[in-house]
Amino acid sequence: MAKRFWLVKSEPGVYSIDDLERDGVTAWSGVRNYQARNFMRDDMRVGDTVLFYASGDEPGITGLAEVCKTAYPDETAFKKGHESFDAKSNRENPTWFNVDIKFVRQLAARLELSTLKKTPGLERMMVTQKGSRLSVQPVRPEEWEIIAKLAK
DNA sequence: GCCAACGTTGGC
DNA sequence: GCCAACGTTGGC
């Protein structure tokens, strides 16, 4: 399988690229959307590149990460009282999965959503579509090529 | 603060 | 199985 490219969203107040740099590796847990789960569980492989996207007041790509562990059951779903707890998931037949990602680098400057929207070739990116809420998204290789140039 | 988009829930 | 109501996301 050829290397793939992904985009994951996070609100900086919840988990930022600074947090990822500090942690080095983090479990991308707490995703409670089936489509996003399926991408993590079925398609993300070790070594895939991850664009780290910040939603909120200043939306844009803030850094790069890499998948460093393929999907395994999301522990936060089993923790009563945890905000991501899901009574419907259990260890025998888990509903939710997450991968681990590791910090690669921050971008020198945040690659703003407004820039992405204006850049030829990125019109089809999910993140540039109005109303796109998916928190784990595939990125096409040709889109990655464009973004890699912008992210120098 | 507003609102469009979208996913989920629940009544039928 | 349908679909209206509701809650959440997230850009503006």
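Checking A:20, A:7, A:107 one by one, the residue that is touching a strand residue (DSSP E or B) at 6+ places or on another chain (Cβ under 8 Å), within 14 Å of DNA strand C (Cβ to nearest atom), at pLDDT 95 or above and under 27 Å from residue A:145 (Cβ atoms) is A:7 and no other. Out of segment A:113-139, which residues are more than 15 Å from DNA strand B (Cβ to nearest atom) and within 15 Å of the chain's Cα centre (by Cα)? Scanning segment A:113-139 gives a single hit, A:139. The set of residues in segment A:74-117 being of a type in the set (A, V, I, L, M, F, W, C) and either over 19 Å from residue A:136 (Cα atoms) or in contact (Cβ under 8 Å) with a residue 60 or more places away in the chain (or both) consists of A:78, A:85, A:87, A:96, A:97, A:99, A:101, A:103, A:107, A:108, A:109.
If you go through segment A:49-104 and pick out every residue that is assigned to a helix (DSSP H, G or I) and open to solvent by 20 Å² or more (accessible area, probe 1.4 Å), you end up with 2. If only residues of segment A:13-26 that are part of a loop (DSSP other than H, G, I, E, B) and open to solvent by less than 30 Å² (accessible area, probe 1.4 Å) are counted, the one that is nearest to DNA strand B (Cβ to nearest atom) is A:16. Please identify the pairs in which a residue from segment A:133-150 that is among the basic types (Lys, Arg) has its Cβ atom under 8 Å from the Cβ atom of a residue that is open to solvent by less than 20 Å² (accessible area, probe 1.4 Å) and within 16 Å of DNA strand B (Cβ to nearest atom), counting only partners at least 6 apart or on another chain. Pairs found: A:140/A:125. Of all positions in segment A:27-48, at least one carries a residue that is among the acidic types (Asp, Glu), assigned to a loop (DSSP other than H, G, I, E, B) and either in contact (Cβ under 8 Å) with a residue 40 or more places away in the chain or buried (at least 16 other Cβ atoms within 10 Å of the Cβ) (or both). Scanning segment A:139-152 for residues that are under 18 Å from residue A:10 (Cβ atoms) and modelled with pLDDT of 95 or more yields A:139, A:147.
The values are calculated or read from the model by the stated rules, or taken from the named source; none is laboratory data. As the structure is a computational prediction, the values presented were derived from the model and not from experiment. Please note: Cβ atoms are built from the backbone with ideal geometry, for glycine as well, and neighbour counts cover all protein chains shown. All accessible areas refer to the heavy atoms of the entire protein, side chains included, with ligands and DNA or RNA removed. Shrake-Rupley method; radii C 1.70, N 1.55, O 1.52, S 1.80 Å.
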